[in-house]
Structures are given as structure tokens and as C-alpha cells.
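*Asks:* Here you go, one structure.
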Amino acid sequence: MSNENLKQRTKKFALDVIKLVETLPNDRTSHVLGGQLLRAGTSVGANYRAACRARSAADFISKIGIVEEEADESSYWIELLVDAGKLEADKSGPLLDESGELVAISVGSINTARRNNARKSAKPSANRIPHSALRTPH
């Protein structure tokens, strides 16, 4: 999946979360849990965009890890709303499925980035200067 496709997918996820939160009952529990879902669900796309602008492999891994956490947290809030009787399970199914897929994509991206980074650092480089074990005087 291309970066642009995933950017659109995470944006659609955020919009679907917004629409779902707007349908919740107007009570304290729904307001609090819906607010948590709104924050987590809308941050998935924002953090994915930040990961696309990462400055290094380590930065990418860190930022895509936040995407994973926020997508998983979104699942939690949806499940809690269903279990609390504030949201019908059939309304939440597609969003739960999508959050699970976004978690899986994030985990896969992290694993791939770690493997690629390990391969890159393991390759000998003709330009690499060996570092002395002795301390260089200043």
C-alpha cells in the first residue's frame, strides 16, 4: 500500500470516527468516552503523516509506533462504548475492523523498518572510517 493510499485511509478512519461520535447519546459517559475516541481516532492520520516525514529510520519507527498505539486505543474506546451500551455493535463493526487493520499495518511497517535498518547498518561501507577504541584528545 502506498503512502498516499494510507494517508487517505487514515483520514477516512478519522472522518468515520467523527461521524460515529456524533451519533452517540447525549450523556456524560458518551461524552467522556466519545471524546477519548475522537482524540485517538483522529490522531491516527495525523501521526501517520508525521511518520511519512520522519528524518531517520529511528524517527519513523517511533512515529509509526504512535500510530499503532492510537489505532489500538481507538479499538478500546469503541469496545468500551459497545460494552457500556452506548453504541450498537453492528454500527461499530466496520470501524473496529479498520482500527485492527491499521494496527496490523503499523506493526508490519515497524518490523520492516527495523529489518531494513538492521541490514543497512550491517553492510560494510567503503566510506566508513574505522573508529579507534582509544579516546581522541581534544
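*Asks:* Quick check: net charge around Leu87, other residues with Cβ under 14 Å of its Cβ, Lys/Arg +1 and Asp/Glu -1?
*Replies:* Summing Lys and Arg as +1 and Asp and Glu as -1 gives -4.
*Asks:* A follow-up question, please. Using a cut-off of 12 Å between beta-carbons, work out the net charge of the residues near Gly34 (Lys and Arg +1, Asp and Glu -1, Gly34 not included).
*Replies:* +2
*Asks:* Which one is right for this structure if Cα Rg over 2.2 N^0.38 Å is calculated from it: (i) 1.05; (ii) 1.41; (iii) 1.01?
*Replies:* Only one listed value fits the structure, namely (ii).
*Asks:* Here's a follow-up. Which whole-number percent is the relative contact order of the chain (Cα, under 8 Å, 6+ apart)?
*Replies:* Averaging sequence separation for qualifying contacts and normalising by length gives 24 percent for the chain.
*Asks:* Okay, next question. How would you rank Arg49, Arg119, Arg114, going from fewest to most other Cβ atoms within 10 Å of each one's own Cβ?
*Replies:* Arg119, Arg114, Arg49
*Asks:* Between Glu4 and Ala46, what length in nm is gained on full extension when 0.36 nm per residue of separation is reduced by their alpha carbon distance?
*Replies:* 13.8 nm
*Asks:* Right, another one. How do Ser2, Ser74 line up, fewest other C-beta atoms within 10 Å first?
*Replies:* Ser2, Ser74
*Asks:* Show that you can apply the helix-only estimate: for the chain, add -39,500 (n - 2.57) for every DSSP H stretch of four or more residues, divide by all residues, and state [θ] at 222 nm to the nearest 500.
*Replies:* About -27500 deg cm²/dmol.
Read-outs: derived from the displayed coordinates by stated rules, not from any lab. Treat the numbers as computed from the prediction; the structure is a model and nothing was measured. Don't worry about glycine lacking a Cβ; one is built from the backbone with ideal geometry, like all the others, and counts go over all protein chains shown.
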